Amino acid sequence: MTTRTVAAFDFDGTLTRRDTLLPFLASYAGRTQMLSALALSAPGGGGRDALKERLLTRVLGGRALAEIVDAGNAFGAEVARAGIAPEMRSRLAWHRREGHEIVIVSATLDVYLDEVGRALGVEHVLCTKLDVDDAARVTGKLEGANCRGAEKAARLRAHVDEATVLWAYGDSGGDREMLAMAHHPVRVRRGAIRTGA
């Protein structure tokens, strides 16, 4: 009987050296508008997820999903080409050679992470999705929960079973629960595996 092995990678700060949300929003709406929206979104409380929704509402709210996906595909292709840390690109290749199933599990937005997954040949992408209204326009809210922390672990748990051998790569507190699930937890910092951690 063949054992199923899954390698789950966080995205921002793990596969990449830095976060990608603000660069994506700046590429879509312009740096000035993104910075203005960020400043206006910061007050209001409610934690990280509420801040993210306020920012997305200001930058993407009311825009056609198709337009955002087009921009996301171009952005995602560029990130896959030039934004993946070399050490992590090597880890992806190693897992692929070993016949392991690769999954990205991230709070990053589907509108560009899906393209990153396609470009990297990743089988599954579990991530945060934008809510869309009946007119196919983005509301700025999230569809379901932001895929971080306990939600990240829940999504991954639904994807694997008890017999799965799990590798997990993460760089932040938002990955703690996912790393705790893994038989092989690997802590990463800015796209490089941390030694002695």
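Considering only the range 123-140, I want to know if a residue exists there that is within 16 Å of Leu15 (Cα to Cα), in a strand (DSSP E or B) and touching a His at 6+ places or on another chain (Cβ under 7 Å). Yes, the range 123-140 contains at least one residue that is within 16 Å of Leu15 (Cα to Cα), in a strand (DSSP E or B) and touching a His at 6+ places or on another chain (Cβ under 7 Å).
Taken over the range 39-58, the criterion of being basic (Lys, Arg) and within 21 Å of Val132 (Cβ to Cβ) is satisfied by Lys52, Arg54, Arg58.
Table: residues versus (1) of a type in the set (Ser, Thr, Tyr); (2) under 24 Å from Arg187 (Cα atoms); (3) part of a loop (DSSP other than H, G, I, E, B); (4) more than 17 Å from the chain's Cα centre (by Cα).
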| residue | (1), (2), (3), (4) |
| --- | --- |
| Leu35 | no, no, no, yes |
| Asp49 | no, yes, no, no |
| Leu56 | no, no, no, no |
| Asn73 | no, no, no, no |
| Arg81 | no, yes, no, no |
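The condition of being modelled with pLDDT of 95 or more and either within 15 Å of Thr14 (Cα to Cα) or out of contact with any Gly (no Cβ under 7 Å at 6 or more places or on another chain) (or both) does not hold for Glu162.
With respect to being at pLDDT below 95 and out of contact with any Gly (no Cβ under 6 Å at 6 or more places or on another chain), Thr128 falls outside the description. Within the range 88-123, the set of residues being more than 20 Å from Ser172 (Cα to Cα), buried (at least 16 other Cβ atoms within 10 Å of the Cβ) and not charged (D, E, K, R) comprises His95, His100, Val111, Tyr112, Val116, Gly117, Ala119, Leu120, Val122.
The values are calculated or read from the model by the stated rules, or taken from the named source; none is laboratory data. Because the structure is a prediction, the values reported are computed rather than measured. FYI the Cβ positions are ideal-geometry reconstructions off the backbone, even for glycines, and counts take in every protein chain you see.
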